[in-house]
1. With respect to E252, determine if the residue is within 29 Å of E176 (Cα to Cα) and among the acidic types (D, E).
2. Of the residues T193, T166, T148, only one is more than 30 Å from Y585 (Cα to Cα) and crowded, with 18+ Cβ neighbours inside 10 Å; which?
3. Just checking, how many residues over the range 446-459 are surrounded by 11 or more Cβ atoms within 10 Å (Cβ to Cβ) and assigned to a loop (DSSP other than H, G, I, E, B)?
4. What's the number of the only condition in (1) buried (at least 21 other Cβ atoms within 10 Å of the Cβ); (2) in a loop (DSSP other than H, G, I, E, B) that S724 fails to meet?
5. Taking the residues in the range 412-424 that are under 15 Å from R545 (Cα atoms) and not aromatic (F, W, Y) as candidates, determine which candidate is surrounded by the most Cβ atoms within 10 Å (Cβ to Cβ).
6. Quick one: in the range 384-401, of everything that is touching a Leu at 6+ places or on another chain (Cβ under 8 Å) and buried (at least 20 other Cβ atoms within 10 Å of the Cβ), which residue is nearest to G696 (Cα to Cα)?
7. For residues that are touching a Leu at 6+ places or on another chain (Cβ under 9 Å) and closer than 26 Å to V268 by Cβ, tally how many sit in the range 114-137.
8. Quick one: in the range 103-121, which of the residues that are more than 12 Å from the chain's Cα centre (by Cα) and in contact (Cβ under 8 Å) with a residue 60 or more places away in the chain is farthest from I338 (Cα to Cα)?
Amino acid sequence: MIQESVLKEHFGWKIAICQHPMYLLIDEDRGIPEVGERVPPWGAATAADYVERVRRNLASLGKFPDLFINYEFSGVEIDMMARDFPDLIASMRQRFREGKLDFIGGTFSQPHMQIIGSESNWRQFELGLGVFKKLFGKDVKVHFLQETGFHQQMPQILRQFGFEFTALPPFPWAMEVTGGTFELVGCHTGVDTILGDEFIEAEALDGTSLPAYIKVIDAGAGEFRMDRVMKEAHKDLYSGPPIWTYFPDLVEVDENTYRDFKSMFDFVLLDKALPDRFAAAPPRARARVYTYWSYVEGVWGEELLRANRKAEEAAVLAEQMCCMARLAGSKLVRHDDIHRIWHAILKSQHHDIYWIEVTDLRRKAIEWLDKTTLECRHVMGECAADLLEIDDHSVTFFNGLPFARTALIECASDMIPDGESFQMCDDRAFGFVDLPSGGYRSYGIAAGAVADSSHTAMPGAIGTEHYHVEFSETGLMRQLTTTGNDNLLKSGSYLGGEIRAMISGKWFDNRAAECSFMSGKVMDVLERKTAINEIPVHEKYFFFREHPLIKVELDFEFNGNEAGHFPLDETKLNVYYPTAGSPIYHDIPFGFIEGRENRVLFAINWLYCGGLLHINRGNVKHWVRDGVIANMIAWGGNIFSNRMHYGFWNRKTQYDIRLYGKHRIEYYLVPRGRFHADTVANDVQTVVSPVYMARGRGQKSFYRIDDRSVVMTSLYERDGQIWSRGFKTPKNMPSSGLRDWEIFNKPVTDWT
């Protein structure tokens with residue numbers, strides 16, 4: 001047996017204890033049965049109990065003079081503790097000043113960044129870093145989280161916020177080497193980086209890079225693993241990186257724990273240890289780092305994603321309208337409203353809220369988001385009142401996008417614009433209006449009756465000037481053809497719009513259905529009433545005549561249903577479109593990338609394959625196999641895992657996480673044909689960006705971007721100026737003074 005002191009001297013091992021707290025979950029989840037994180041000794045029953053654990057952690061820093069701790073508290077949790085336990089923050093501040101502890105991560109709520117929008121990605125750091133600066137005077141320089149949250153634009157975002165290093169997390173990630181040399185070592189016990197090759201330059205789409213530290217086999221994500229240490233000891237000359245990471249859920253550092261660590265490691269803070277090691281072992285290769293993994297599904301999980309999407313989009317439009325009002329000379333100040341709105345949105349994105357067993361907090365988060373969306377509409381209403389002349393016989397539509405658009409409008413019968421083609425379907429009117437860039441336009445309200453949808457026999461096919469659809473006998477899509485006669489679907493195992501799931505070991509689908517068909521001057525409407533085993537499903541397809549656009553609504557009514565097996569995505573409720581196959585593209589925060597088949601693809605807004613553009617409305621999880629697009633829309637069951645420590649969670653059957661309630665899933669199809677890289681992101685914005693409607697009269701355009709390869713994600717007020725944020729997509733010729741994929745954040749006057 002090798003003496004521990006010999007190992008320490010020979011390898012020069014150091015360890016960064018990275019504490020991963022669960023304060024938000026413990027403080028705010030009060031579901032029955034209690035979640036595991038609230039059950040001692042791992043968790044704590046109340047926030048006060050948990051804070052005592054933090055106090056013992058801080059006390060251990062005084063008891064053991066060479067102990068150092070890296071805290072991964074999120075900004076929102078630190079803020080909550082500062083509100084409720086200010087003495088604890090004072091003690092933490094003292095230990096920070098003594099150089100005994102440091103903060104890593106820097107986000108506001110530790111989300112899975114790959115499943116939230118561009119603006120949420122940016123503001124996670126903007127608000128999160130602000131908390132640490134305010135309370136501790138700390139500029140967080142190391143982005144290192146226990147949970148995974150990488151996407152291909154993350155290095156560029158981190159650089160813009162002053163980060164100097166990142167480290168790849170214990171939870172799953174993927175890496176694609178794009179240049180240089182990188183050495184790995186492996187055997188039957190696993191694969192690891194080798195001494196001297198523990199850094200790689202994590203590269204964003206625009207070429208921006210950030211050093212990423214890789215320690216594949218660490219000291220444990222839960223409890224300290226001595227077996228991992230002994231395996232590493234037997235590598236000798238091909239040993240791994242000298243800086244180990246230990247990422248527990250706020251472990252107690254008692255005498256025994258301290259002694260075990262101290263016998264083999266020196267304790268370090270990553271803010272100091274990583275720069276030193278980087279100087280000794282600079283990276284030889286560049287790579288794109290991302291993740292195919294997230295557990296954001298299950299009871300209310302998909303609904304939470306959809307609620308988050310609506311709130312994100314509403315907050316962006318509310319801020320754009322605030323800027324319109326400011327540019328028009330309004331004196332109203334709404335900074336506090338906007339800050340409160342984004343605070344609630346970002347808080348709801350915490351990974352512990354998305355965790356499957358936390359049903360109570362998920363439900364609360366959906367309520368926060370729904371309330372936030374209403375608050376956004378209140379802000380929009382105030383802005384509209386400032387901008388418009390009073391006229392109860394006129395309706396005005398606000399467009400926040402920086403280019404003119406023809407927008408799809410759904411409204412009540414008393415808000416239909418005069419002179420435009422609209423069609424009633426049940427209690428909603430559908431039509432399109434032309435709107436100016438960054439502004440608004442008003443119409444008189446139609447005085448006469450609007451054409452209704454008339455019932456006709458179910459046709460075998462329909463055609464418009466933009467596409468042609470051939471139906472199966474029960475109304476699913478057998479073929480979808482573009483105006484260029486490109487057939488986008490292929491025959492085989494799936495029909496377009498088919499829904500499948502495995503329930504109680506048997507496969508069920510929606511092929512059998514009761515169909516009805518309605519026609520009108522704006523659109524044809526196909527309704528299908530069906531069931532997936534015992535789950536009622538009401539489908540509506542809106543085929544617009546004058547635009548290359550199909551809208552789909554799926555209404556599910558769950559009553560304690562199970563659907564699928566958690567580890568197997570294909571067994572869950574999926575919607576399928578069997579395309580002819582082609583290069584796959586899907587969007588990510590501040591950009592889009594080429595995807596691969598047989599991978600989990602988190603397309604936050606859209607996915608393209610085989611000439612078909614699929615635009616989701618919050619159900620971000622997709623996969624493609626042999627050209628078949630699958631969009632995962634629901635899973636429910638009492639047996640689950642997080643795909644990492646399967647056996648542990650697989651035994652937790654006390655949680656009722658089956659599917660309940662009424663849920664509406666929406667998505668759009670665009671029969672695109674050829675992929676246009678320089679316009680697709682803005683084309684999708686045209687479809688999904690909300691339009692605010694208000695009574696009143698006026699017309700104005702405040703701002704515009706003529707280059708459609710520039711995508712604006714936000715317009716906001718800063719220091720008395722109007723600023724814009726967004727990114728540049730590829731184009732054959734350079735334009736706008738921006739490099740391809742660059743994220744910009746600058747005053748609006750630079751490009752108007």
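The values are calculated or read from the model by the stated rules, or taken from the named source; none is laboratory data. Just so you know, these numbers come straight off a predicted model, no measurement behind them. Reconstructed Cβ throughout: ideal geometry from the backbone, glycine too, with neighbour counts over all protein chains shown.
1. Working: within 29 Å of E176 (Cα to Cα): no; among the acidic types (D, E): yes.
It is false that E252 is within 29 Å of E176 (Cα to Cα) and among the acidic types (D, E).
2. Working: T166 fails: more than 30 Å from Y585 (Cα to Cα); T148 fails: more than 30 Å from Y585 (Cα to Cα).
After ruling out the rest, the residue left standing is T193.
3. Total satisfying the criteria: 6.
4. Of (1) buried (at least 21 other Cβ atoms within 10 Å of the Cβ); (2) in a loop (DSSP other than H, G, I, E, B), only one is false for S724: (2).
5. Of the residues in the range 412-424, the ones under 15 Å from R545 (Cα atoms) are 420-424.
Checking the rest, the ones that are also not aromatic (F, W, Y) come to 420-421, 423-424.
Details: E420: 14, S421: 17, Q423: 25, M424: 19.
Residue satisfying both the conditions and the ranking: Q423.
6. From the range 384-401, those touching a Leu at 6+ places or on another chain (Cβ under 8 Å) are 386, 396-400; that's our starting set.
Filter once more, keeping what is buried (at least 20 other Cβ atoms within 10 Å of the Cβ): 396-400.
Numbers: T396: 6, F397: 10, F398: 12, N399: 15, G400: 18 Å.
Here the answer is T396.
7. Going through the range 114-137 one residue at a time, the tally reaches 2.
8. So in the range 103-121, the residues more than 12 Å from the chain's Cα centre (by Cα) come out as 103-109.
Filter once more, so that each one left must be in contact (Cβ under 8 Å) with a residue 60 or more places away in the chain: 104, 108-109.
Details: I104: 27, F108: 16, S109: 18 Å.
Per the stated criteria, the residue is I104.
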